[in-house]
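Only one structure is covered here, and it is reproduced in the block below.
Just so it is clear, none of the values below were taken in a lab; they were calculated from the coordinates. Keep in mind that what you see is a predicted model, and the values were worked out from it rather than measured. Here the Cβ is made from the backbone with ideal geometry for all residues, glycine too, and neighbour counts use every protein chain on show.
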Amino acid sequence: MVHVSEGYEARVQTSRERTRLSQVRKSFDAGLKQKDGGADIHENFFSACVAYIKAAMDRLHAQDQRIHDFLKPHMADRDDQNATLENLDMRLAKSRDALAVLVAAAAAFKTAGESGWADFKAAVEAFMEVYFKILLSGQHSTLTLQEEVFDEATWDQVAGVTPESLAKEEELYTTVQGLAPDDADPASFVGGPPAPGAGPPGQQGTRPAS
């Protein structure tokens with residue numbers, strides 16, 4: 001894997017990824033509300049949003065899994081922290097399952113057309129419930145441990161930023177922008193929350209949570 005940055009710069013890039021995920025999520029939500037209000041929003045927009053969310057969440061899950069795996073060897077003599085890693089495992093598993101259901105629902109909606117709208121919207125709501133209440137609610141649970149044991153080289157490995165990952169993200173984001181309905185351009189929304197460890201070493205990012 002060819003990395004494009006190290007340490008602090010890798011964390012900055014990871015924070016940007018999560019900011020753009022938040023922007024696409026808000027664009028997605030705006031499109032859903034417009035369609036519910038009677039607007040003619042093409043299915044391709046929703047498919048593009050789910051494609052972006054899938055790719056971004058796959059990277060987020062992989063980053064969080066690497067955080068777990070890098071922390072675990074340091075927990076041998078810290079029984080009080082083992083529950084924190086177990087909780088991270090649980091949150092990742094539930095998030096991956098919810099994402100798989102969302103992707104399947106988007107494919108079903110593409111096939112069914114308007115008759116599949118209600119089922120698709122229900123799947124989106126279920127995914128967002130997990131996204132906010134399970135994944136994001138505990139995202140800072142390991143920050144203290146990360147600051148204690150991670151060096152800049154570790155953060156570069158956690159981020160896993162490559163030329164390929166940057167190009168893919170840009171392609172998917174641009175596709176969402178090109179299909180977004182009026183007042184739903186993802187770039188028009190404030191993003192957040194920060195990635196774990198974002199900001200200068202020893203500090204955390206201060207972007208507002210979404």
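Remarks
- Dipole of the range 7-181 [Lys/Arg +1, Asp/Glu -1 at C-beta], most positive-end residue of 57, 34, 47: 34
- Within the shell of other residues whose beta carbon sits under 10 angstrom from the beta carbon of residue 116, the net charge comes to -1, with Lys and Arg scored +1 and Asp and Glu -1.
- Separation in nanometres of the label points that stand 7 Å from Cα toward Cβ, at residue 29 and residue 107: 2.8
- Local electrostatic count, residue 178, Cβ distance below 13 Å [Lys/Arg +1, Asp/Glu -1]: -3
- Each of 171, 114 was scored by other Cβ atoms within 10 Å of its Cβ. Arranged with the fewest first, they read 114, 171.
- Size of charge dipole - the range 7-181 - debye, nearest 20, with Cβ of Lys, Arg +1 and Asp, Glu -1, no other charges: 540
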